[in-house]
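One structure below.
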Amino acid sequence: MASTMKDTFYISHGAPTLAIDESLPARSFLQSWKDKVFPQKPKAILVISGHWDTSFPAVNIVHRNDTIYDFYGFPDRMYKLKYPAPGAPELALRVKELLMGSGFKRVDEDRERGLDHGAWVPLMLMYPEADIPVCQLSVQSKRDGNYHYNLGKALAPLKGEGVLIMGSGSATHNLRAPRIVDGIVPWALEFDTWLKDALLQGRYEDVNCYQEKAPHAKMAHPWPDHFYPLHVAMGAAGENAKAKLIHHSWQLGSLSYASYQYNSAS
């Protein structure tokens, strides 16, 4: 009997160098995952990553996950890292069943894709043994926050089946913004603070409509792919879930590593 997962998570994975850069506080946070954040071992993990963007929801159905190096110009050793977690084909088909049963008319199956760095970089730090089956679900960046919230709502039964639902993106994600060494640029701080306040106050409808409600929304997320995983995790937790800020740090003055835990109401 799988143990029930009462929590879902949104993890800001920042830059791919999180995998090797010992100076990043977010790295230490993820390495402490099993000891300090979430000691419960899941039966399987479903990752919604901002690095898999499709027209329709898609799941990867594989028996062993390849490590995808979906980044360019990084140190050579980044391309030698491996995270050979087992695939979770039964979970993938269950995700498809739940989504289609909730009115999502089309869910695609990808029988070749492994794990992109939005999945394997944080998981390598959280669960370094790579012994827990992992499945990925894509985002649809041409849709909105409400759509992704409803995607998450459809997945809520997985928590009772021992599945850890984890969105992986970045609380702010504008890679073209000027980078600074000291301090935080005002637009990033204002958006990040608005997000924290909205989540902790349970204003989930505002977060779903963040493009109209949040300050500097387009600057913080010129493309929404790294933000929508938050909406999926939020939807899966349920409308009465309590959000908790579990990590906060910055890189390059505008990249927020804010990560959130949603505890489902009993």
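Computed values, structure above
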quantity: Residues (farther than 18 Å from ASP53 by Cβ, outside any helix (DSSP H, G or I) and in contact with a Phe, Trp or Tyr (Cβ under 6 Å, 6 or more places away or on another chain)) located in the stretch 216-244; calculated: HIS216, ALA241, ALA243
quantity: In the stretch 225-242, the residues that are at pLDDT 95 or above and open to solvent by 20 Å² or more (accessible area, probe 1.4 Å); calculated: ASP225, LYS242
quantity: Enumeration of residues in the stretch 245-255 that are crowded, with 17+ Cβ neighbours inside 10 Å and out of contact with any Phe, Trp or Tyr (no Cβ under 6 Å at 6 or more places or on another chain); calculated: ILE246, HIS248, TRP250, GLN251, SER254, LEU255
quantity: Contacts under 8 angstrom Cβ, first residue in the stretch 25-44 being more than 16 Å from GLY14 (Cβ to Cβ), partner at pLDDT below 95 and buried (at least 19 other Cβ atoms within 10 Å of the Cβ), 6 or more apart; calculated: GLN40/MET5; PRO42/MET5
quantity: Residue satisfying all of: in the stretch 164-192; over 19 Å from the mean Cα position of the chain (by Cα) and of a type outside the set (A, V, I, L, M); least open to solvent (accessible area, probe 1.4 Å) among these; calculated: TRP187
quantity: Complete set of residues in the stretch 1-17 that are over 14 Å from PRO39 (Cα atoms) and at pLDDT 95 or above; calculated: TYR10, ILE11, SER12, HIS13
quantity: Condition check for ILE165: at pLDDT below 95 and not small (Gly, Ala, Ser); calculated: no
quantity: Selection status of TYR262, hydroxyl-bearing (Ser, Thr, Tyr), closer than 19 Å to PHE191 by Cβ and surrounded by 24 or more Cβ atoms within 10 Å (Cβ to Cβ); calculated: no
quantity: Scope the stretch 70-81; condition touching a residue at least 40 places away in the same chain (Cβ under 8 Å) and either out of contact with any His (no Cβ under 7 Å at 6 or more places or on another chain) or open to solvent by less than 30 Å² (accessible area, probe 1.4 Å) (or both); matching residues; calculated: PHE71, PHE74, PRO75, ARG77, MET78, LEU81
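Results for (1) within 14 Å of the chain's Cα centre (by Cα); (2) open to solvent by 10 Å² or more (accessible area, probe 1.4 Å); (3) not polar (S, T, N, Q), shown as yes or no for each residue.
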{"residue": "LEU93", "(1), (2), (3)": "no, yes, yes"}
{"residue": "LEU98", "(1), (2), (3)": "no, yes, yes"}
{"residue": "SER102", "(1), (2), (3)": "no, yes, no"}
{"residue": "VAL107", "(1), (2), (3)": "no, no, yes"}
{"residue": "VAL134", "(1), (2), (3)": "yes, no, yes"}
{"residue": "GLY162", "(1), (2), (3)": "no, no, yes"}
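The values are calculated or read from the model by the stated rules, or taken from the named source; none is laboratory data. For clarity, every value in this text was computed on a predicted model and none was experimentally measured. Note: ideal-geometry Cβ built from the backbone for every residue, glycine included; neighbour counts use all protein chains shown. Ligands, DNA and RNA are excluded from the accessible area calculation, which covers all protein heavy atoms including side chains. Shrake-Rupley method; radii C 1.70, N 1.55, O 1.52, S 1.80 Å.
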